[in-house]
There are 2 protein chains.
Amino acid sequence: MARAWHLKSRPNGMPTSDNFELKETSLPPVGDGQVRIRNRWLSVDPYMRGRMNDVKSYVPPFQVGEPLEGGAIGEIVEGKADGFNPGDLVLHMGGWRDETVASARAVNKLPNLGVDPQKFLGVLGVTGATAYFGLLDVASAKQGDVVFVSAAAGAVGSVVVQLAKARGMTVVGSAGGREKCDLVRSLGADQVVDYREGPILKSLAAAAPEGIDVYFDNVGGDHLDAAFALARNNARFAICGMIAGYNDPKPAEFRFIMRVIAARIRLQGFIVFDFQSRMDEFYREMGQLVTSGAVHAQETVVDGLESTPDAFLGLFQGANTGKMLVRL
Amino acid sequence: MARAWHLKSRPNGMPTSDNFELKETSLPPVGDGQVRIRNRWLSVDPYMRGRMNDVKSYVPPFQVGEPLEGGAIGEIVEGKADGFNPGDLVLHMGGWRDETVASARAVNKLPNLGVDPQKFLGVLGVTGATAYFGLLDVASAKQGDVVFVSAAAGAVGSVVVQLAKARGMTVVGSAGGREKCDLVRSLGADQVVDYREGPILKSLAAAAPEGIDVYFDNVGGDHLDAAFALARNNARFAICGMIAGYNDPKPAEFRFIMRVIAARIRLQGFIVFDFQSRMDEFYREMGQLVTSGAVHAQETVVDGLESTPDAFLGLFQGANTGKMLVRL
């Protein structure tokens, strides 16, 4: 029997472990064009919180009583599809469970870049691609820019910091607590601000006295408002996430949004899946940065399928540095 | 003696007539390269409110005790500059007064488009250029788009409505009160919402049941939040003004800003002066639309230099339809 985490009830505000239930399920036999996969690594990501609400978004909502989904790396244990053999490592969306049967068309063999497989859930996966396309394409960040990155110790933020440094930018990162701030500094950030130490506006103004050219937003709320306040002319904001608001029913307040006009700010939301057609470019460029050591994969690993909801809930309590992963 | 309106004190919140003082000034003799201008038309614009604060912006602040400035159309009465002769009509920034002496380099003769001179303060001036470049360039609006325009009975908004219709777009305009809504309808808008009749979110949802592709923002606040809520994928917002916030010390609240991500909204602030180098294109394109009758100049005219502050204050009370002008 396989085991899979199901959505037991929809969270109201901050999710709790009561919203999740681990259930045994029997897998169907492997049909033509299908593969059976034993998962090795599961991804938990902030965007999954949105799918737990019953609202239309860029991905359909999870259904109550049904298994959850997410990125995963697994090993083929049985295959009836050309090009897939037992032992092959694959990237697929059947996460939150230990074993699954899937169409081979929904499964990708890992590119041969000579790196640990779980990196394809992080720095060489959706996380890294979010950093790469968000910074360089959506925000048009270039050498010499002053870049502010929020949640800079997080999965995406920690890649943004390193990528920006590798491309000759000045980087200000925000994080919560001394340990995370030390990590962000160790990644090469020029300035680090601890948002728990006081208003982010004040600390960002001190860290970037001449303002910012680019803001990579993972947080929203007060961080975004501080970026409005301190944007230089023609600043570009890539809006990747607004974790501050995911569980907060209060509307976000902005004192400085009007600076959008005088500073000619361009703010652009984006979804990494829109860049699917450019993944070859991403593997080439980011693969080189990872194998050369210019970009290190930051990971927080928890063990065991049982821990998956805790790993997910930890995302909203700042429990992770870098990419949060579950190892089976 | 000439007379000029001076900034007597800086407004705190909503300006009042006490902030302004009309004083006599003696003009200097006309030197080489200078002209003396008798003003015929003065422009009052919402952006002037920002210059009354003592803060750095895209134009320097007005100084207490000094004359105010603004766009004006006048007639040369004395000239010591090549190419300028008595009787020539010119566009210049020495408004809020009846007569001035200026460097000929800061003065532009009106293009010969065969239209009434005051149009160069409105539909063929900064106002019209704001509509033109904001809609077509900043928001990349194109045929078939659903365009939402706030303050659609105002100076800029009334031009945006007509320009969008001339270019084959579907237009939803917002305005306050039946009279203005009737005007917006008469300009060709497909749907008109009266923001005084109820929450703008609800009325915009009814007027644009399939959402909006473009938002031309003159208002900010609840209008901008409604646009976030109802934006279709890849919507573009041109942020021209946020008059709702100019006199309001409370931070703006946004319930739907997070949709920036899922809908991949692009929001861009702009200042028309950045398009100075493309004014020839503007005169050609908009001149054709005005002389052909596709775009009508909407104007509210008050008479006499004494009325200038009242005309300006009226901008924040919805006293104008179309461009607010003072005729001397």
For this session: Mind giving me the FRET efficiency for B:S57 and A:E285? R0 is 41 Å, r the Cβ-Cβ distance, nearest 0.05 is fine.
Result: 0.55
Exercise. Which of A:K56/A:K250; A:K8/A:K323; A:K56/A:K180; B:K80/B:K119; A:K8/A:K250 have a Cα-Cα distance over 23 Å?
Worked result: A:K8/A:K323; A:K56/A:K180; B:K80/B:K119; A:K8/A:K250
Exercise. In nm, one decimal, shortest first: how far is the label point of B:S9 (7 Å from Cα along Cα to beta carbon) from the matching points in the other copies?
Worked result: 5.9
Problem set entry | Pseudo-label separations to other copies for A:K80 - Cα-to-Cβ vector, 7 Å, nm | 9.9
Seminar exercise, completed: Inter-chain shielding metric for B:266-274, i.e. average beta-carbon neighbours from other chains within 10 angstrom, reads 6
Exercise. Using a cut-off of 12 Å between alpha-carbon atoms, which aspartates and glutamates can reach B:K142, once sequence neighbours fewer than 8 places away in the same chain are excluded?
Worked result: B:D213
Exercise. Classify segment B:133-275: rounded, prolate or oblate, from the alpha-carbon gyration tensor (a ≥ b ≥ c, eigenvalue square roots; a/c under 1.5 rounded; otherwise prolate if a/b is larger than b/c)?
Worked result: rounded
For this session: Mind pulling the angle between the C-alpha long axis of helix B:221-230 and the longest principal axis of chain B? Nearest 10 degrees, somewhere in 0 to 90.
Result: 40 degrees
Exercise. Fewest first, what order do A:M14, A:M279, B:M258 take by the number of other Cβ atoms within 10 Å?
Worked result: A:M14, A:M279, B:M258
Problem set entry | Farthest positive-ward along segment A:126-273 dipole, Cα basis, beta-carbon charges - from A:I265, A:G177, A:V161 | A:I265
Seminar exercise, completed: One point scatterer per Cα, no solvent, Debye formula: log10 I(q)/I(0) for chain A at q = 0.09, 0.10, 0.11 Å⁻¹ comes out as -0.47, -0.58, -0.70
Problem set entry | the protein assembly as shown - share of DSSP beta bridges that are antiparallel (%, nearest 5) | 55 percent
Seminar exercise, completed: For B:K165, the aspartates and glutamates lying under 13 Å Cα to Cα, once residues fewer than eight places off in the same chain are dropped, come out as B:D145, B:D190
Problem set entry | Long-range HN-HN contacts of B:G154 with modeled amide H, under 5 Å | B:G322
For this session: Over the alpha-carbon set of segment B:219-328, divide Rg by the Kirkwood Rh and report the Rg/Rh ratio to two decimals.
Result: 1.05
For this session: Calculate how steeply helix B:155-166 sits against the longest principal axis of the alpha-carbon atoms of chain B, using the helix alpha-carbon long axis, and give the answer as 0 to 90 degrees to the nearest 10.
Result: 60 degrees
Exercise. For chain B, what is the percent of antiparallel DSSP beta bridges, rounded to the nearest 5?
Worked result: 50 percent
Exercise. So for A:D194, B:D18, fewest C-beta neighbours within 10 Å to most, what's the order?
Worked result: B:D18, A:D194
For this session: Report the residues of segment A:33-65 in range of a label on A:N12: point 7 Å along Cα→C-beta, backbone N strictly under 16 Å from it.
Result: A:53-54
For this session: Specify the inter-centroid distance of segment B:274-316 and segment B:128-179, based on alpha-carbon positions, in whole Å.
Result: 15 Å
Exercise. Does a label point 7 Å from the Cα of B:R232, set along Cα-to-beta-carbon, have any residues of segment B:249-284 with amide nitrogen under 16 Å, and which are they?
Worked result: B:263-266
Exercise. Label points 7 Å out from Cα along the Cβ direction at A:S277 and A:N85: separation in nm?
Worked result: 3.4 nm
Problem set entry | Axis proximity, chain A to B: residue whose C-beta lies nearest, plus whole-Å distance | A:L267, 2
For this session: DSSP loop (so not H, G, I, E, B), at most 15 other Cβ within 10 Å: list which chymotrypsin sites (Phe, Trp or Tyr not before Pro) in segment A:244-328 pass both filters.
Result: none
Exercise. In units of 2.2 N^0.38 Å, what is the alpha-carbon radius of gyration of segment A:20-155?
Worked result: 1.22
Problem set entry | Rounded to 10°, Cα long-axis angle of helix A:279-291 versus longest principal axis of chain A | 80 degrees
Problem set entry | Rg to Rh, two decimals, where the protein assembly as shown supplies the alpha carbon set and Rh follows Kirkwood | 1.06
Exercise. To one decimal in nm, how far is B:A294 from the same spot in the other copies, if labels go 7 Å from Cα toward Cβ? Please give the shortest first.
Worked result: 4.9
Exercise. Fewest first, what order do A:L113, B:L187 take by the number of other Cβ atoms within 10 Å?
Worked result: A:L113, B:L187
Exercise. Applying the Karplus parametrisation 6.51 cos²θ - 1.76 cosθ + 1.60 with θ = phi - 60° to the phi angles of segment B:186-201, what ³J(HN,Hα) value in whole Hz is obtained for each residue in order, glycine and proline being reported as x?
Worked result: 5, 7, x, 4, 6, 9, 10, 10, 9, 6, 7, 7, x, x, 4, 4
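Only the coordinates and a few stated rules stand behind these numbers; no lab work does. Quick caveat: nothing in here was measured; it's all calculated off a predicted structure. With ideal geometry, Cβ positions are generated from the backbone for all residues, glycine too; neighbour counts draw on all protein chains shown.
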